[in-house]
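The values are calculated or read from the model by the stated rules, or taken from the named source; none is laboratory data. None of these values were measured; they are calculated from a predicted model. Positions of Cβ are backbone-derived with ideal geometry, glycine not excepted, and every protein chain shown enters the neighbour counts. Heavy atoms of the whole protein, side chains included, go into the accessibility calculation; ligands, DNA and RNA do not. Shrake-Rupley method; radii C 1.70, N 1.55, O 1.52, S 1.80 Å.
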Amino acid sequence: MYRSKILIVALLIITVLTIFIFQKREVIFQEGNPVPFAIAASKMILQDKEVVKIERQDENSGESNLYLVKQGEMDPFIKMMEKNGWEFTNRDIIQNRLDFERENQSIGLGYRYYTRYYTIIESPKIF
């Protein structure tokens with residue numbers, strides 16, 4: 001009797017989770033594999049970090065690094081870039097771009113909103 005109740009509760013939980021994931025699959029998988037993004041978000045919460053590099057293991061990661069910041073808070077990322085020798089010049093809100101300069105180089109880093117709590121900043125792997 002006791003085992004059957006545990007089995008029913010476990011099946012009910014699995015069913016509810018499956019339905020939830022199926023209903024929200026566009027949001028959950030909007031950036032591909034959600035695990036690296038969940039790990040980065042948990043680092044921000046648990047370790048109280050302001051900027052977290054998203055560690056992706058897939059071959060489709062391309063030629064860029066991704067950084068996660070809290071929505072609208074670009075200052076920690078700008079300070080990180082300035083520590084690496086880049087000077088912040090402009091934030092283009094219309095094109096979702098941060099512009100930096102160093103010596104005779106200039107670069108524009110795009111960003112996009114990831115859920116209502118976080119922003120993803122994409123930078124080349126030269127950093």
GLY85: under 22 Å from LYS125 (Cβ atoms), part of a loop (DSSP other than H, G, I, E, B), at pLDDT 90 or above and open to solvent by less than 90 Å² (accessible area, probe 1.4 Å), yes or no? yes
Condition met for SER106 (part of a strand (DSSP E or B) and surrounded by fewer than 14 Cβ atoms within 10 Å (Cβ to Cβ)): yes
Right, PHE20: surrounded by 11 or more Cβ atoms within 10 Å (Cβ to Cβ) and under 20 Å from ILE121 (Cα atoms) or not? no
With (1) in a strand (DSSP E or B); (2) in contact (Cβ under 8 Å) with a residue 24 or more places away in the chain; (3) open to solvent by less than 80 Å² (accessible area, probe 1.4 Å) as the list, and PRO76 as the residue in question, which single condition is left unmet? (1)
Can you name the residue in region 23-57 that is of a type in the set (S, T, N, Q) and open to solvent by 50 Å² or more (accessible area, probe 1.4 Å) and, of all such residues, is modelled with the lowest pLDDT? GLN57
Pairs only if they're at least six apart or on different chains, beta carbon under 6 angstrom, first in region 26-47 and under 19 Å from GLU73 (Cα atoms), second open to solvent by less than 30 Å² (accessible area, probe 1.4 Å) and of a type in the set (Val, Ile, Thr); list them, first residue then second. ALA40/VAL52; ALA40/ILE54; LYS43/VAL52; MET44/VAL52
